[in-house]
Structure formats: structure tokens, C-alpha cells
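Below are the C-alpha cells for one structure; questions will follow.
The values are calculated or read from the model by the stated rules, or taken from the named source; none is laboratory data. As the structure is a prediction and not an experimental result, all values here were calculated from the model. Here the Cβ is made from the backbone with ideal geometry for all residues, glycine too, and neighbour counts use every protein chain on show.
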């Protein structure tokens, strides 16, 4: 199976900036360690790299539908509603609002 | 005259891209580059992985998108120019990742940057344009 994503409704510091990827594109990143075009035998894959940074405090939100491309058809398996925030240099948090939360 | 030549190059590159079978939904990555311009507007510089991993695929294609998105007045506006330069640098930051072989050579981009440099009055912006030209000129 080939994991694909859309990146929709991105908002940075309250300002909508658009839909970076409004149609399905591969999640795979060719030159990033651990990233593969297809899932492993268990149906898992690594969405990497993942993160955002800038020089000032920020809040970045967007929606990431994820699908599996099989025989030319996309089957949506989940939709992440990401929020990435940073209030100071070296500190930040990321959450999809459900089962992924990480902070530093 | 230079603007006309840019448009001729744009048509040529457009035909080349179509020939490589790029997605017809957004063959010029206009959504991606447009959101990058918005994300970087006003001198803000925010790096987002989901955009970066697509930008590095574009190489010279980024300038085709920029030409389609911006008009002549934008290319003479120092603030707009400062917004677009990091996007160009990102598109050439990993030459081995550029998806289309022809886009590894920054021909359209150098032409675009040269046009900007010649038509912008702000000396600081001119200097930034030159730095970007030097950066991408070191590619393959």
C-alpha cells in the first residue's frame, strides 16, 4: 500500500495561507532516513520528516487526511488535525488532537 | 522585452513539464508555492516539513510557478522579492531530490533573478538576489 496525504486549510498565527496540497500526494520523502514509498508488511509507515520552526512564537494548524493508494483508488484511513505551537526558542509542542502529542 | 522572453521561456518549460507526465491537477505546484509565499509574507520565515519535502522536488520549476503567481509589480517590490528568495533557495537546497532532470539546471530561475536584480531599485534586495544567484549557481 502507498500512503498518500493532503495538506488542507493551513493557518499560521490566525491567518489562513491556503491548501498546500489539495490533492493526494505521496507522503514518502525519497532522501529521508526511514521514509519509504510503501507500508511495511504490517501496514505501517513513517511520516518523516515532520515539524515546523521559525524565529518567533507561532501557532500553525492544518488538516492532514491520509489515504492508502491501492489499484488506483485512494482509501482514506484517518484525518489528523494538527496543531504545532512554539512560545520560545527551543520549546514547542505538536498534537493531532487525539492520539499524537509531543512537547519539548 | 525581457518580460516577453520570460513568457516565452515559461511556455517552453510548461510544455516540458507536461511532457514529463506531471499531475494535471496542479502541474506547476501553484498551491504549494502560493502557500509558501503566504507563509513567508512580510519577512516571516517559517519552515514546515510538509512543504519543504515538496519544494525540494521542484528545482527550476519553482520559478515557473512564481512567474504564474506574481505579476511585474511584485517582481519590483522589495518585500515580495524578499519573500520569494527563500522559496527559491529551498527548491534548490537538495539537488539530488529534484524530480525532473531538466529542473536541476536553474536556467529559468537565473533568468528570473537577473530580471529582478535589474529592475529593482532597493540595493539591499539586489544584494539578496545576488546571494541567491550565487547559491543556486553552485548546483550541478
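From (1) surrounded by fewer than 16 Cβ atoms within 10 Å (Cβ to Cβ); (2) in a helix (DSSP H, G or I), pick out the condition that doesn't hold for residue B:121.
Failing condition for residue B:121: (2).
Still on this structure, please answer the following. Could you pull out the residue among B:117, B:94 that is within 14 Å of another protein chain (Cβ to nearest Cβ), touching a residue at least 12 places away in the same chain (Cβ under 8 Å), over 19 Å from residue B:39 (Cα atoms) and over 9 Å from the mean Cα position of the chain (by Cα)?
B:94
Filter the range A:1-32 down to residues that are part of a loop (DSSP other than H, G, I, E, B), in contact with a strand residue (DSSP E or B) (Cβ under 7 Å, 6 or more places away or on another chain) and farther than 19 Å from residue B:93 by Cβ and give me whichever is farthest from the other protein chains (Cβ to nearest Cβ).
The qualifying residue farthest from the other protein chains (Cβ to nearest Cβ) is A:1.
Mind checking which residues of the range A:31-49 are over 16 Å from the mean Cα position of the chain (by Cα) and closer than 19 Å to residue B:98 by Cα?
Scanning the range A:31-49 gives A:31, A:33.
Continuing with this model, one more query. Considering every residue within the range B:81-93, establish whether at least one is in contact with a helix residue (DSSP H, G or I) (Cβ under 8 Å, 6 or more places away or on another chain) and farther than 20 Å from residue B:135 by Cα.
no
Return yes or no: is residue B:25 at pLDDT below 95 and either crowded, with 20+ Cβ neighbours inside 10 Å or away from every other protein chain (no Cβ under 14 Å) (or both)?
no
From the list A:81, A:67, A:86, which residue is at pLDDT 95 or above, under 30 Å from residue B:96 (Cα atoms) and either touching a strand residue (DSSP E or B) at 6+ places or on another chain (Cβ under 9 Å) or away from every other protein chain (no Cβ under 11 Å) (or both)?
A:67
If you don't mind, another one. Identify, please: which residue in the range A:33-61 is part of a strand (DSSP E or B) and more than 8 Å from chain B (Cβ to nearest Cβ) and is, among those, surrounded by the most Cβ atoms within 10 Å (Cβ to Cβ)?
Here the residue is A:61.
May I pose another question? Collect the residues in the range B:37-72 that are more than 8 Å from chain A (Cβ to nearest Cβ), assigned to a helix (DSSP H, G or I) and either touching a strand residue (DSSP E or B) at 6+ places or on another chain (Cβ under 9 Å) or within 22 Å of residue A:55 (Cα to Cα) (or both), keeping them in residue-number order.
B:37, B:41, B:42, B:43, B:55
Got a sec? Which of B:84, B:69 is under 12 Å from the mean Cα position of the chain (by Cα), within 26 Å of residue B:50 (Cα to Cα) and buried (at least 20 other Cβ atoms within 10 Å of the Cβ)?
B:84
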